[in-house]
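> Have a look at this one before I ask anything.
Nothing in this text is a laboratory measurement; each read-out follows from the coordinates by a stated rule. For clarity, every value in this text was computed on a predicted model and none was experimentally measured. Neighbour counts run over all protein chains shown; Cβ positions are idealised from the backbone, glycine included.
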Ligand code: EPZ
């Protein structure tokens, strides 16, 4: 079990380069199963979830090699039944992203049902209803979902709730369906448009990705392609919040300001200086932080994946801020740990009320999920004394070399086991 030892308080200043987005690279890797050729993916982040997805693809017959420019994937085994076993799926829910491509390319797929996780139940009913709309037969038994279809047929389908991986699964199934598919109430996260860009480079005919209505004209086959994954807006946003929280000055390079608009607008309201640069975003904290409320919602709303990090920021803002989490039902597990560091937070259902400005003191804290871990690391940077963040394997799922990036920004953080 590895831990982060952080000495605070410490100001973050300097330059940090965003890595490729984990949540864009995961669907992009799954999409390679659709190709009748080799796909080259660049800027894939070297994080644990990516390694898990590559293991799953190899289990499904794909050939995965890593070169210095990125990953090369050649799917084989289209004759083999595609199965994503429990042992792999239980470590990463995003394994469900192989459902759509396997169904489209091989006519069948068997995937262990992803259980819930720390932040919520996270059902996949919308994924399955969408695949049924395209003509798939869906069976649930022994903790697995089995989908079959000799030939998927284009259809119109409206999501009951905007779902990121649900939209991605349906995109990857519809590209090889016969005829046209229209998806409505789609998720609009930037990672969706990035997946569509890859699929179109492979020969698909998708229009409207990134909006709530997407049209897909089915084609008979997809070829190889070369694609550079977009920057990770959540990783980048985490460092920008760290700059504001520690009264620092950080230049996030290789980042797309438009994808971070909801956070940048909020930081400006908090009284932080935010400016676009030629290849990124600069944040400078020049005075006291103002408490401002946040409500998380699907893109283009404030991202739920930055909620915990923003809450750490509000512990140092002047005044009272409320944070309302509308996307997941149990995403406040960082709160008790923040309170052990001295934060003054009350929870009423989906709303947390943060009374700032409370001095934080370093403590032993426990990470429970990926973004809660990031929140505790940020809090440790602002706290007086030593903070030890335990179970940082959660962090390693989605943050590439976090301690190295923080050290480069002047933080006193060490990884110990
Ligand atoms: C994606 O998860 C991300 N993961 C999550 O990031 C992110 O928090 C989430 O989108 C929301 O932005 C990846 O992209 C790999 P959803 P996903 O389906 O697709 C409900 C991180 O930290 N729902 O958009 O699983 C669901 O319960 C992770 O990197 C249904 O009811 O999220 C939730 O309340 C955490 N039925 C809401 O929709 C369904 O069939 C949004 O979930 C699907 C979803």
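> Using the basic label-point model (7 angstrom from Cα toward the beta carbon), what is the residue 221 to residue 1 distance in nanometres?
Spacing of the two 7 Å Cα→Cβ label points: 5.2 nm.
> A further question on this structure: Helix 233-245: angle to the longest alpha-carbon principal axis of the chain, degrees 0 to 90, nearest 10?
The angle comes out at about 0 degrees.
> Something else: Counting other C-beta atoms within 10 Å, which of 254, 194 has the fewest, and how do the rest follow?
The fewest-first ordering by Cβ neighbours comes to 254, 194.
> Take peptides 328-339, 302-313 and line them up by average Cβ neighbours within 10 Å, highest first, as a rough protection proxy.
Numbers: 328-339: 20.1, 302-313: 25.8.
Listed from highest to lowest mean packing, they are 302-313, 328-339.
> Relative contact order for segment 319-417 using alpha-carbon pairs under 8 Å, separation at least 6, rounded to a whole percent? Provide the component values of the computation, followed by the final result.
Numbers: 138 pairs, mean separation 22.4, N = 99.
Relative contact order comes out at 23 percent.
> Another one. Over the chain, what relative contact order in percent results from Cα pairs under 8 Å that are six or more residues apart?
In percent, rounded to a whole number, it is 22.
> Compute the label zone of residue 153 within segment 179-223: residues whose backbone N is under 14 Å from the point 7 Å along Cα-to-Cβ.
It comes to 179-181, nothing else.
> Contour minus end-to-end for residue 364 and residue 213, with contour as 0.36 nm per residue of separation and end-to-end as the Cα-Cα distance?
Result for the pair: 49.7 nm of gain on full extension.
> As I understand it, the value is the acute angle between the Cα axis of helix 190-201 and the longest principal axis of the Cα atoms of the chain; what does it come to in degrees, rounded to 10?
30
> Also, I was wondering about something else. Neighbour counts of other C-beta atoms within 10 Å: give me 189, 83 arranged from fewest to most. The partial results should precede the final answer.
Details: 189 24, 83 19.
Taking fewest neighbouring Cβ atoms as first place, the list is 83, 189.
> Give the shape of segment 279-391 as rounded, prolate or oblate, defined through the alpha-carbon gyration tensor: a ≥ b ≥ c are the square roots of its eigenvalues, a/c under 1.5 means rounded, and otherwise the shape is prolate if a/b is larger than b/c and oblate if not. Walk me through the numbers before you get to the answer.
Working: a/c = 1.30, a/b = 1.13, b/c = 1.15.
Judged from the Cα gyration tensor, segment 279-391 comes out rounded (a/c under 1.5).
> Give me the percent of DSSP beta bridges within segment 340-417 that run antiparallel, rounded to the nearest 5.
On the way: 4 of 8 bridges.
Percentage antiparallel, nearest 5: 50.
> Based on the mean of other Cβ atoms within 10 Å per residue, sort peptides 385-395, 16-26 so the most packed one is first.
16-26, 385-395
> Using helices alone, what [θ] at 222 nm do you get for the chain, with -39,500 (n - 2.57) per DSSP H run of 4 or more residues, divided over all residues and rounded to the nearest 500?
Mean residue ellipticity, 222 nm, calculated: -8500 deg cm²/dmol.
> Expected output is a single nm value to one decimal: the length gained when fully extending between residue 63 and residue 339, i.e. 0.36 nm times separation in residues minus the C-alpha distance. What is it?
Between residue 63 and residue 339, full extension yields 94.6 nm more.
> Here's a follow-up. Using only the alpha-carbon atoms, how far is helix 22-31 inclined from the longest principal axis of the chain? Give it as 0 to 90 degrees, nearest 10.
10
> For the pair residue 38/residue 117, report the inter-label distance in nm, with labels modelled 7 Å from Cα in the Cβ direction.
According to this spin-label approximation, the distance is 3.2 nm.
> Something else now. Taking every DSSP beta bridge with both residues inside segment 262-401, roughly what % is antiparallel (nearest 5)?
The answer is about 65 percent antiparallel.
> If a/c stays under 1.5 just call it rounded; otherwise compare a/b with b/c (prolate if a/b is bigger, oblate if not). Do that for segment 138-187, with a ≥ b ≥ c from the square roots of the Cα gyration tensor eigenvalues.
The shape class here is oblate.
> Does segment 39-110 come out rounded, prolate or oblate, given a ≥ b ≥ c as the square roots of the eigenvalues of its C-alpha gyration tensor, rounded meaning a/c under 1.5 and, failing that, prolate meaning a/b above b/c?
Working: a/c = 2.17, a/b = 1.33, b/c = 1.63.
Note, shape of segment 39-110 comes out oblate.
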